[in-house]
Amino acid sequence: MHVVREVTDQLTWIGANDHRLTLFENIHPIPEGVSYNSYVLTGEKTVLFDTVDWDACRQMLENLEYVLDGRDLDYIVVNHWEPDHAASLQEVITKYPNAQIIGNTKGFQLAEQFGFQIDEDKKIVVNEGDVIDVGDHKLTFLFMPMVHWPEAMVTLDLTNGALFSADAFGSFKALDGKLFNDEVNYDRDWLDENRRYLTNIVGKYGPHIRKILKKAEPVLDQIKFICPLHGLVWRNDFGYLLDKYNHWASYEPEEKGVTIVYASMYGNTEQAAQALAAKLCELGVENVDVFDVSNTHVSYLIAEVFKKSHLVLASCTYNLGIFPVMLSFLEDMKALNVQNRTVAVIENGSWAIRSGDLISEFLDEQMKTMTVLNDRLTIASRLKDGQEEELDGLALSIKESMRG
Ligand code: FEO
């Protein structure tokens, strides 16, 4: 049975939802699933825009057959060759051998690496800015290297204003019947998963995202639909979405707030983190959240760090170093280019208190423009009643740094 949604009377979403996959890219949890979006245009010519992951192939093929309604497939545009989108391509080619494949040079190189069998005479290689006619529709192409693979490109249908944006503007979370941004409560139900997808998958490439946003400026007024490869199709409120992307891509926090992440072996560092959270709330600081680094998947922590202005890292010392899970979180932040945040440090140790110095060194030397507050709370095994003044001082220092 087909499961499709119309974007316009000639453009149909023929993708699929996946609730069975537990880890996207075998690393990021997706408790709310994910969608693989594929679209087919049925104008004078028929054009398929990207395919889906292997798991969703059967559904996509059924959808395609239904929408084509006996017609042949004339073209397949491949904007992105990563297997969560291209894995089903060979099946489509086998079923529709007359289809010509539109892609760029780097894309066809990747196709070869992945072992796709595509006849040379079926390839149409496009360059950035090319305009090609597919029946009564004109397509143009904008390359967006490293968002998030080197071959990635977007295709704009100049006739109906649909921008096939590949991973850009994509999101975790299955569609489950919905398709458009205005069919959902985006802030309540989608924003967090959108942020977690973007920051973890493409966070490292903020400068590349900014470049593509700049490149797209001249054609923005021609865009009527943003059709990404995962998540919602946007048909209005583009300014809102672009504003979010501008924040994420420029590593600017969306909100003033404090994320406290602690690494605690026996609950003593955790107690200090909780005590600080209580002090901050008493001082009227809003938007304070506390996370156990050992029990929170790092993708959620990364999304938190991209969202908020302030971060507190509270870590015990382990083998004279930073607690391994906290170190791994720091490495992830570095890998994803996190920058421009204000950080306070709480350190703990029972015979050698080293974690604070090491965390500060990491932030100063290995990351960009991280401001480490001078006030640091040092705990020898357990927070003492006599340290309340220090705790107050740290909370005040964080509050002060949030002004302006
Ligand atoms: Fe959704 Fe880069 O693949």
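Work out how much length ASP72 to SER401 would gain on full extension: take 0.36 nm times their residue separation and subtract the Cα-Cα distance, in nm to one decimal.
That works out to 112.2 nm of additional length.
Between SER381 and ASN246, how high is the FRET efficiency from 1/(1 + (r/R0)^6) when r is the Cβ-Cβ distance and R₀ = 35 Å? Nearest 0.05. Mind showing how you got there, number by number?
On the way: r = 45 Å, r/R0 = 1.29.
Computed FRET efficiency for SER381 and ASN246 comes out at 0.20.
Kindly provide the helix-only [θ] at 222 nm of the chain, computed as the sum of -39,500 (n - 2.57) over DSSP H runs of four or more divided by all residues, to the nearest 500 deg cm²/dmol? Write out the running numbers ahead of the final one.
Numbers: 13 runs with 129 residues, N = 404.
Calculated mean residue ellipticity at 222 nm is -9500 deg cm²/dmol.
For segment 14-172, what proportion of DSSP beta bridges, expressed in % and rounded to the nearest 5, is antiparallel?
Close to 70 percent.
From the cross-link list LYS178/LYS308; LYS204/LYS308; LYS106/LYS211; LYS45/LYS211; LYS106/LYS244, which pairs have alpha carbons spaced over 25 Å apart?
Details: LYS178/LYS308 29 Å; LYS204/LYS308 17 Å; LYS106/LYS211 19 Å; LYS45/LYS211 33 Å; LYS106/LYS244 29 Å.
Where the Cα-Cα span goes over 25 Å, the pairs concerned are LYS178/LYS308; LYS45/LYS211; LYS106/LYS244.
Please work out the Cα center distance from segment 118-173 to segment 32-90, rounded to the nearest Å.
Distance between centres, Cα-based: 14 Å.
How high is the FRET efficiency from ASP187 to GLU128, r the C-beta distance, R0 45 Å, rounded to 0.05?
So, using R0 = 45 Å, E works out to roughly 0.85.
Cα axis of helix 268-282 to longest principal axis of the chain: angle in degrees, 0 to 90, nearest 10?
On a 0 to 90 degree scale, this one is about 80.
How much accessible area per residue does segment 5-250 have, in Å², with a 1.4 Å probe?
For segment 5-250, the solvent-accessible area averages 40 Å² per residue.
Using a basic spin-label model with each label point 7 Å from the Cα along Cα→Cβ, how many nm lie between TRP351 and GLU390?
2.1 nm
Extending each Cα 7 Å along its Cβ direction at MET1 and CYS281, get the distance between those two points in nm, one decimal.
The modelled label-to-label distance comes out at 4.7 nm.
Taking the dipole about the Cα centre of segment 244-362, with the C-beta of Lys and Arg at +1 and of Asp and Glu at -1, give me whichever of PHE306, ILE359, PHE329 is farthest to the positive side.
After comparing all options, I get PHE306.
So how strong a dipole does the chain carry about its Cα centre when Lys and Arg Cβ are +1 and Asp and Glu Cβ are -1, to the nearest 20 debye?
That gives the chain a dipole magnitude of about 600 debye.
Taking a 1.4 Å probe, which of GLU347, GLU217 shows the most accessible area, and what order do the others take after it?
Final ranking, largest accessible area leading: GLU217, GLU347.
For the chain, count all C-alpha to C-alpha pairs, find those more than 28 Å apart, and express that count as a whole percent of the total.
Summing the P(r) tail past 28 Å for the chain gives 51 percent.
Extending each Cα 7 Å along its Cβ direction at LYS95 and ASP289, get the distance between those two points in nm, one decimal.
Rounded to a tenth, the inter-label distance reads 4.0 nm.
Which aspartates and glutamates does LYS138 reach when only Cα atoms under 13 Å apart count, and residues fewer than 8 places away in its own chain are ignored?
Result set, ordered by chain and number: GLU44, ASP130, ASP157.
Could you tell me what percent of the accessible area of segment 258-401 is made up of carbon and sulfur, with a 1.4 Å probe and every protein chain present? Working shown, then result.
Values: 2940 of 6250 Å².
Roughly 47 percent of what the probe reaches on segment 258-401 is carbon or sulfur.
Please give the FRET efficiency for THR42 paired with GLU365, using the beta carbon to beta carbon distance and R0 = 41 Å, rounded to the nearest 0.05. Don't skip to the answer; put the middle values down first.
Working: r = 56 Å, r/R0 = 1.38.
Rounded to the nearest 0.05, the efficiency is 0.15.
I'd like the antiparallel share, as a percent to the nearest 5, of DSSP beta bridges with both residues in the chain.
45 percent
How do GLU365, GLU91 stack up against each other in accessible area, from largest to smallest, with a 1.4 angstrom probe?
GLU365, GLU91
The values are calculated or read from the model by the stated rules, or taken from the named source; none is laboratory data. Given the structure is predicted, the values throughout are model-derived calculations rather than measurements. Using ideal geometry, Cβ is built from the backbone for each residue, glycine included, and neighbour counts are taken over all protein chains shown. Each accessible area value is taken on the protein alone, full model and side chains, heavy atoms only, with ligands, DNA and RNA left out. Shrake-Rupley method; radii C 1.70, N 1.55, O 1.52, S 1.80 Å.
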